[in-house]
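For reference, the structure is listed below as structure tokens.
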Amino acid sequence: MKRYQSFKLFQLKEIAIGLTFIGGFIDAYTYVQRGRVLAAGQTGNIVFLSVDIARQNLPGIMTKIFTMLFFVLGIVTVEIMKHKNNRSHYWRLVSLIAEFVVCVIVGFMPRTISNIYIVPALAFVMAMQNVAFSQIEGMGYNNVFSTGNLKKAVISFVEYFYHGRKSDVTTAVIYFELVLGFALGAVSSALLQKWLFVRTIWIVPILLLIVGGYYTYLLYLRDKY
């Protein structure tokens, strides 16, 4: 079957891995360039927040609180969009367009600008990406952090060991590919930051054009044929 004939194109593995690469890329960027804050990894931000509270680091405290708040707002926004546009898949592109715009703007922001104006905005669009594209081949996954994907990969391998189902191996491989995609995104971001610094984030709009363009093209072909 041709790729565009899939009813749920947003679940295609290549799209999921591409978005997970972007998720790792952005988190590594904000951690290194924007004040040791994770745009998507809110569990890590809670730990960092506790350290800032202990050190009485008010700017760090406020940045992390607003980052978590905007991540929640991003989730709410996509849920509202989903219920208002449940007959079309094109609405998911809004999340990628918003992410594109925010990343372009952030690249112009020097490090002298407070991170409270930068990381929460990135958290907002990453939450949108995470909720809008939340499944891969019919299974749930996360494309902006990796703990859940790693857990599911290991569980699937253990299930195969006990039950011998080939489907468990297939599932495990898919989740390990997601973990690898996230890791490669983070490593690529860290390496590029040695030369591009804060402008490293401009790589993300290029990646979004590739992933989003591919998704849009498949939607167009499906609607046409």
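What follows draws every value from the coordinates through simple rules; no lab data is involved. Being a predicted model, the structure only gives us computed values, none of them experimental. Heads up, the Cβs are rebuilt from the backbone with ideal geometry, glycines too, and the neighbour counts pull from every protein chain shown.
Once the C-beta distance of Leu209 and Lys151 is scaled by a Förster radius of 45 Å, the resulting FRET efficiency is 0.90 to the nearest 0.05. For the range 8-213, the relative contact order comes to 37 percent (Cα pairs under 8 Å, sequence separation of at least 6).
When the Cα positions of Gly18, Gly74, Leu192 are compared along the charge dipole of the range 8-213, Gly74 comes out farthest toward the positive end, with charges on each C-beta of Lys, Arg, Asp and Glu. Each Lys and Arg contributes +1 and each Asp and Glu -1, all at the Cβ; summed about the Cα centre of the chain, the dipole is approximately 260 debye.
With the simple spin-label model, which puts each label point 7 Å out from Cα in the Cβ direction, the Ala183 to Val51 separation comes to 2.3 nm.
Here Met62 and Ile105 are evaluated by their C-beta separation; at R0 = 25 Å the FRET efficiency comes out at 0.75.
Pairwise inverse Cα distances across the range 97-225, averaged and inverted, put the Kirkwood hydrodynamic radius at 16.9 Å.
Calculated FRET efficiency, His163 to Glu79, Cβ-Cβ distance, R0 = 45 Å: about 0.80 to the nearest 0.05.
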